[in-house]
Amino acid sequence: MASELPSYDDLPIRPELPAGSAWGVWGDDDPLGCLNLLTTERTLRGLGLARRGAVFALNLEAELPSPPLFNRSAFEHRINGLGSPVSRDDELHAWNTQSSSQWDSLRHVRSPHGFWNNLDETELGIHHFARRGIVCRAVLADVARWREAQGRPLRPDAADPIEPHEVTATLEAQGVQVEQGDVLLIRTGWVAWYRTLDEVARTALAGSLQAPGLRPGRATAQLLWDLHIAAVAADNPSLEVWPPGALSTSEERAAMRADPERGLEFFVHLALLPLLGLPIGELWDLDALAADCAADGVYELLFTSAPLNLQSGVASPPNALAIK
């Protein structure tokens, strides 16, 4: 599909804007970023892919991972009205919206130049996603299955990088193309592996997490921008490898601390969210969908997501469905 959007190499669109940024592409006051690509035509394209009526819920159980990763709080679930003969309601206490499956809004990460589009962070937030609504075509790239077929399975307990060319090779092997305005789903197999761990192993993991994911750096940012997708989501904890800097030498990390402009080489979130306006999903449950795609050879689907309509919220469960 031809696109009028600039390529990554043609960013920024004005010389006074930060290098590698899409600021101003949709106007100087735009809070949506790449979600602007969710046009009426893209919604109708997605609706045409619901052929069998097979539905796959993509949210993990709200209680997983347990304990939560990244020192996030574990919520307390209280049921009210247990003494009442009529009704109940419930409350979540100390609930972190990023403790399980999540969208990162464009308020989640700030670059050295500022938040997305140089807006004040209060002008951003998950409510923009919610009020827009997300209904479109999505494509699954089952990198875990592809890497296993290559004899190089991803290591779920290590900072094992997925190279940009491996994403494109996976899509080619599956016989599917990404179209402008798609949501790209990337399966690493991390959630399937996590489900095999006992409580002791899960507790140890939360204290010293290492996980596979996309390699940070310009090449990954360039790939995702030049695909002109509306959003990207994966089943691992951070989309990219964790921890940041795990693939770098101590000298490279010291250079990054001295030059914050190099931050995206160590943590590509700094390019995707605040500079490119690309929403990120993490810790999604893609295993049942991936098994179905492998069985029927169809890796495109109707995708829906209804995040929390939370004013200026940093994140939200995706409440995402895939329909085939």
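The values are calculated or read from the model by the stated rules, or taken from the named source; none is laboratory data. Values in this document were obtained by computation on a predicted structure and should not be read as measured data. Cβ placement follows ideal geometry from the backbone for every residue including glycine, while neighbour counts extend to all protein chains displayed.
Remarks
- Conditions (1) charged (D, E, K, R); (2) modelled with pLDDT under 90; (3) in contact with a Pro (Cβ under 9 Å, 6 or more places away or on another chain): number failed by Glu282: (2)
- Residue match in region 46-56 (condition: buried (at least 20 other Cβ atoms within 10 Å of the Cβ) and touching a Gly at 6+ places or on another chain (Cβ under 7 Å)): no
- Scanning region 224-267 for residues that are of a type in the set (D, E, K, R) and outside any loop (DSSP other than H, G, I, E, B) returns Asp226, Glu240, Glu251, Glu252, Arg253, Arg257, Glu261, Arg262, Glu265.
- Here Pro244 passes the criteria (1) closer than 20 Å to Pro156 by Cα; (2) touching a residue at least 40 places away in the same chain (Cβ under 8 Å) except the one numbered (2).
- Any hit, region 166-180, residues being of a type in the set (D, E, K, R) and assigned to a loop (DSSP other than H, G, I, E, B): yes
- Of the residues screened, Ser100 is one that is more than 24 Å from Leu5 (Cβ to Cβ), within 17 Å of the chain's Cα centre (by Cα), not β-branched (Val, Ile, Thr) and not in a helix (DSSP H, G or I).
- Condition check for Ala230: small (Gly, Ala, Ser) and farther than 16 Å from Leu272 by Cα: no
- Members of region 12-34 found to be part of a loop (DSSP other than H, G, I, E, B) and either among the hydrophobic types (A, V, I, L, M, F, W, C) or at positive phi (or both), listed by number: Ile13, Leu17, Ala19, Gly20, Ala22, Trp23, Val25, Trp26, Leu32
- Arg147 fulfils the conditions (1) without any contact (Cβ under 8 Å) to a residue 40 or more places away in the chain; (2) in a helix (DSSP H, G or I); (3) surrounded by fewer than 21 Cβ atoms within 10 Å (Cβ to Cβ) except for a single criterion, (3).
- All of (1) over 21 Å from Ala230 (Cα atoms); (2) of a type outside the set (Phe, Trp, Tyr); (3) outside any loop (DSSP other than H, G, I, E, B) hold for Arg51 with one exception: (3).
- Residue in region 294-309 that is β-branched (Val, Ile, Thr) and in contact with a Gly (Cβ under 7 Å, 6 or more places away or on another chain) present: no
- Scan of region 136-182 for residues that are farther than 14 Å from Leu227 by Cα and hydroxyl-bearing (Ser, Thr, Tyr), ordered by number: Thr170
- Any chance Ser73 is under 30 Å from Gly189 (Cβ atoms), modelled with pLDDT under 95, out of contact with any Lys or Arg (no Cβ under 6 Å at 6 or more places or on another chain) and among the hydroxyl-bearing types (Ser, Thr, Tyr): yes
- When region 268-311 is limited to residues that are among the polar types (S, T, N, Q) and part of a loop (DSSP other than H, G, I, E, B), the one that is surrounded by the most Cβ atoms within 10 Å (Cβ to Cβ) turns out to be Asn309.
- Residue match in region 247-263 (condition: touching a residue at least 12 places away in the same chain (Cβ under 8 Å) and either within 27 Å of Asp182 (Cβ to Cβ) or surrounded by 24 or more Cβ atoms within 10 Å (Cβ to Cβ) (or both)): no
- Residue that is surrounded by the most Cβ atoms within 10 Å (Cβ to Cβ) [pool: residues in region 230-246 that are under 27 Å from Ala57 (Cα atoms) and among the hydrophobic types (A, V, I, L, M, F, W, C)]: Ala231
- Among the residues of region 194-240, those identified as closer than 23 Å to Pro6 by Cα and out of contact with any Pro (no Cβ under 8 Å at 6 or more places or on another chain) are Gly217, Arg218, Ala221, Leu224, Trp225, Asp226, Leu227, His228, Ile229.
- Selection from region 66-98 of residues that are at positive phi, surrounded by 10 or more Cβ atoms within 10 Å (Cβ to Cβ) and out of contact with any strand residue (DSSP E or B) (no Cβ under 8 Å at 6 or more places or on another chain): Phe70
- Residues that are assigned to a loop (DSSP other than H, G, I, E, B), under 16 Å from the mean Cα position of the chain (by Cα) and farther than 22 Å from Arg262 by Cα, drawn from region 104-132: Ser105, Gly125
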